[in-house]
Amino acid sequence: MKRTFLVSTELFRRLEDFCQENQIEFRNLVLAGFAILLHRIQELSEVRIATPWTGSKSRPATGWPRRHISFSTTLTLGQLLQDLQSPSVTAAVSSAEPCEIYFSFDSSEPVNSYSSDSLCLRIQPDNGTLEVGFTYMGG
């Protein structure tokens with residue numbers, strides 16, 4: 001199942017301005033929002049999301065580093081964004097340990113490369129617009 005929608009140009013620019021003012025990468029702001037959404041919907045104390053390697057748009061899903069985001073303590077948005085800016089929060093995902101949640105930002109990674117029973121959020125900025133797509137690969 002796949003659902004795609006466009007974020008308004010005004011909202012996209014406001015988010016970009018926020019990132020620029022706070023020296024935050026846009027992809028990390030969206031990743032933080034996605035992690036918070038998953039945390040609240042599923043009431044998880046830890047969210048694990050596979051993300052593509054920086055600068056690589058064609059790496060297979062089994063080699064994507066996984067972001068471990070812990071909500072077990074009181075975590076502010078500022079702390080989460082700071083943690084996501086640090087490369088130390090990633091760890092290699094082994095092929096023996098499939099991931100169920102993927103986050104793809106400005107990537108051409110094919111949807112069918114994800115494992116079955118997985119959810120992928122794909123964000124594609126393009127000429128002042130932001131396309132957001134959710135894909136669920138049910139097994």
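Is it the case that the stretch 42-65 has a residue that's closer than 20 Å to Val7 by Cβ and either at pLDDT below 80 or open to solvent by 80 Å² or more (accessible area, probe 1.4 Å) (or both)? Reasoning before the result, please.
From the stretch 42-65, those closer than 20 Å to Val7 by Cβ are 49, 51; that's our starting set.
Then keep just the ones that are either at pLDDT below 80 or open to solvent by 80 Å² or more (accessible area, probe 1.4 Å) (or both); that gives 51.
Yes; the residues of the stretch 42-65 include at least one that is closer than 20 Å to Val7 by Cβ and either at pLDDT below 80 or open to solvent by 80 Å² or more (accessible area, probe 1.4 Å) (or both).
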Per the list (1) touching a helix residue (DSSP H, G or I) at 6+ places or on another chain (Cβ under 7 Å); (2) open to solvent by 50 Å² or more (accessible area, probe 1.4 Å); (3) modelled with pLDDT of 90 or more, residue check on His68 breaks on (3)
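Considering only the stretch 17-38, how many residues are free of Cβ contacts under 8 Å to residues at least 24 places away in the same chain and part of a helix (DSSP H, G or I)?
Step one: of the stretch 17-38, the residues free of Cβ contacts under 8 Å to residues at least 24 places away in the same chain are 17-21, 23, 33, 37.
Filter once more, keeping what is part of a helix (DSSP H, G or I): 17-21, 33, 37.
Count: 7.
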Could you tell me whether the stretch 77-98 includes any residue that is touching a strand residue (DSSP E or B) at 6+ places or on another chain (Cβ under 9 Å), modelled with pLDDT under 80, surrounded by fewer than 17 Cβ atoms within 10 Å (Cβ to Cβ) and of a type in the set (Asp, Glu)?
yes
With the first residue restricted to the stretch 59-88 and required to be farther than 19 Å from Glu25 by Cα, and the second required to be part of a helix (DSSP H, G or I) and at pLDDT 80 or above, Cβ contacts under 6 Å at 6 or more apart or on different chains are Phe71/His39
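Considering every residue within the stretch 41-49, establish whether at least one is under 17 Å from Val132 (Cα atoms), over 12 Å from the mean Cα position of the chain (by Cα) and not basic (Lys, Arg).
Initial filter on the stretch 41-49 (under 17 Å from Val132 (Cα atoms)): 49.
Now drop any that are not over 12 Å from the mean Cα position of the chain (by Cα), which leaves none.
No, the stretch 41-49 contains no residue that is under 17 Å from Val132 (Cα atoms), over 12 Å from the mean Cα position of the chain (by Cα) and not basic (Lys, Arg).
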Residue pairs within 9 Å by beta carbon, gap of at least six or interchain, first lying in the stretch 1-15 and in contact (Cβ under 8 Å) with a residue 60 or more places away in the chain and more than 15 Å from Leu121 (Cβ to Cβ), second loosely packed, with under 12 Cβ neighbours inside 10 Å and not aliphatic (A, V, I, L, M), listed first then second, are Thr9/Gly128; Phe12/Gly128; Arg13/Gly128
Expected single match for within 23 Å of Asn22 (Cβ to Cβ), open to solvent by 30 Å² or more (accessible area, probe 1.4 Å), of a type in the set (Phe, Trp, Tyr) and at pLDDT 80 or above among Phe105, Phe134 is Phe105
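The values are calculated or read from the model by the stated rules, or taken from the named source; none is laboratory data. Because the structure is a prediction, the values reported are computed rather than measured. Counting neighbours? That spans all protein chains shown, and the Cβs are built from the backbone with ideal geometry, glycine included. All accessible areas refer to the heavy atoms of the entire protein, side chains included, with ligands and DNA or RNA removed. Shrake-Rupley method; radii C 1.70, N 1.55, O 1.52, S 1.80 Å.
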